[in-house]
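The values are calculated or read from the model by the stated rules, or taken from the named source; none is laboratory data. Everything quoted here is computed from the prediction, not taken from an experiment. Here the Cβ is made from the backbone with ideal geometry for all residues, glycine too, and neighbour counts use every protein chain on show.
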Amino acid sequence: MDKDFSLHLLELVINSINALASNIIVTITTAPLTLKIVDNGTSIMKTYDNELIGTDHGLGHFSFFMHDKGSYTIEPLENGTKVSAKFDRKIPLGDLKATILTSFMTNREVAIRYEIDKKIYQLEKDKSNLQENIKELLNENS
């Protein structure tokens with residue numbers, strides 16, 4: 001059975017954190033479902049003359065998850081990586097609030113910004129606005 005979208009999202013955010021990113025921007029639209037993650041960590045791909053070497057791109061379960069659900073691209077940036085995905089069919093979103101809270105509570109001095117259908121949740125590196133974000137997420141209707 002597939003994991004839902006929110007668990008794959010958490011996996012991708014953790015990949016960015018593991019790539020030593022200090023800033024992560026996640027943009028999601030739910031109708032149609034699209035995802036974009038941009039970080040300033042080490043590049044997710046190994047390149048040589050702009051060619052992908054092997055399949056070690058670090059997306060693991062996400063690439064398997066996307067197999068029959070849509071398409072995705074990985075774009076190495078000068079300082080970081082951009083992952084974009086477009087879903088061709090409806091999939092369970094899961095608990096996006098729990099994913100946001102988990103990434104906010106467990107990050108290691110990382111600024112994370114989520115934009116979900118134009119609603120913004122942003123955690124500063126110093127976590128000065130953590131309590132405010134938690135209250136807002138817990139008080140919103142599902």
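So the values come out like this:
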{"quantity": "Residues of the stretch 66-83 satisfying the condition of being of a type outside the set (Ser, Thr, Tyr), in a strand (DSSP E or B) and within 15 Å of Thr34 (Cα to Cα)", "calculated": "Gly70, Ile74, Lys82, Val83"}
{"quantity": "Those residues of the stretch 118-131 which are assigned to a strand (DSSP E or B) and surrounded by 10 or more Cβ atoms within 10 Å (Cβ to Cβ), in sequence order", "calculated": "Lys119, Tyr121, Gln122, Leu123"}
{"quantity": "Any hit, the stretch 43-59, residues being among the polar types (S, T, N, Q), surrounded by fewer than 13 Cβ atoms within 10 Å (Cβ to Cβ), closer than 19 Å to His8 by Cβ and modelled with pLDDT of 65 or more", "calculated": "no"}
{"quantity": "Leu138 out of contact with any Gly (no Cβ under 6 Å at 6 or more places or on another chain) and surrounded by 10 or more Cβ atoms within 10 Å (Cβ to Cβ)", "calculated": "no"}
{"quantity": "Test: Ile134 is part of a strand (DSSP E or B) and farther than 18 Å from His8 by Cβ", "calculated": "no"}
{"quantity": "Single residue of Lys90, Lys97, Lys86 found to be closer than 21 Å to Ala31 by Cβ, among the basic types (Lys, Arg), in a loop (DSSP other than H, G, I, E, B) and touching a residue at least 24 places away in the same chain (Cβ under 8 Å)", "calculated": "Lys90"}
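Here's the yes/no breakdown for (1) in contact with a helix residue (DSSP H, G or I) (Cβ under 8 Å, 6 or more places away or on another chain); (2) on the phi < 0 side of the Ramachandran plot; (3) β-branched (Val, Ile, Thr):
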{"site": "Glu78", "(1), (2), (3)": "no, yes, no"}
{"site": "Thr81", "(1), (2), (3)": "yes, yes, yes"}
{"site": "Ala85", "(1), (2), (3)": "yes, yes, no"}
{"site": "Ile100", "(1), (2), (3)": "yes, yes, yes"}
{"site": "Asp117", "(1), (2), (3)": "no, no, no"}
{"site": "Lys135", "(1), (2), (3)": "no, yes, no"}
{"site": "Glu140", "(1), (2), (3)": "yes, yes, no"}
